[in-house]
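Everything below concerns the one structure shown next.
The values are calculated or read from the model by the stated rules, or taken from the named source; none is laboratory data. Being a predicted model, the structure only gives us computed values, none of them experimental. Note that we place each Cβ from the backbone using ideal geometry, even for glycine, and neighbour counts take in every protein chain shown.
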Amino acid sequence: MDRKELSAVVLELLEKETGESYPTLDDSTSLREGLNLDSLDMAGLVLHIESHFGVQIETELLEGINTVGDLLTMLDAKIAAKAAKKAA
């Protein structure tokens, strides 16, 4: 899954969680200020992401995620690690 496809899925999950519509997700958009996500929104989004992709996102990782790009980069790494583990 490339980054554009990943972004589209995250956008869909984000809209499902918040009930809001977002035109697009830009890598530099802040999750808190740019998308107005509070901690409850973030927790819900993480649960949707974990369920959809079958990955687990540790709380420590979330502390370093401030932008859409941060989230996509972390998620891409988690998906790649899961695929590598499955292939091994």
| said: Condition check: in contact (Cβ under 8 Å) with a residue 12 or more places away in the chain and either more than 27 Å from A84 (Cβ to Cβ) or assigned to a helix (DSSP H, G or I) (or both). Does K4 satisfy that? | reply: no
| said: When you check D76 against the structure, is it touching a residue at least 60 places away in the same chain (Cβ under 8 Å) and either on the phi > 0 side of the Ramachandran plot or of a type in the set (D, E) (or both), yes or no? | reply: yes
| field | Filtered residues of region 16-49 (kept if modelled with pLDDT of 95 or more, in a helix (DSSP H, G or I) and exposed (fewer than 14 other Cβ atoms within 10 Å of the Cβ)) | value | L47
| message | Could you tell me how many of the residues in region 51-80 are closer than 17 Å to E15 by Cβ and of a type outside the set (S, T, N, Q)? | response | 6
| Pick from region 50-87, criterion farther than 20 Å from R3 by Cα and not charged (D, E, K, R), ranking: surrounded by the most Cβ atoms within 10 Å (Cβ to Cβ) | T59
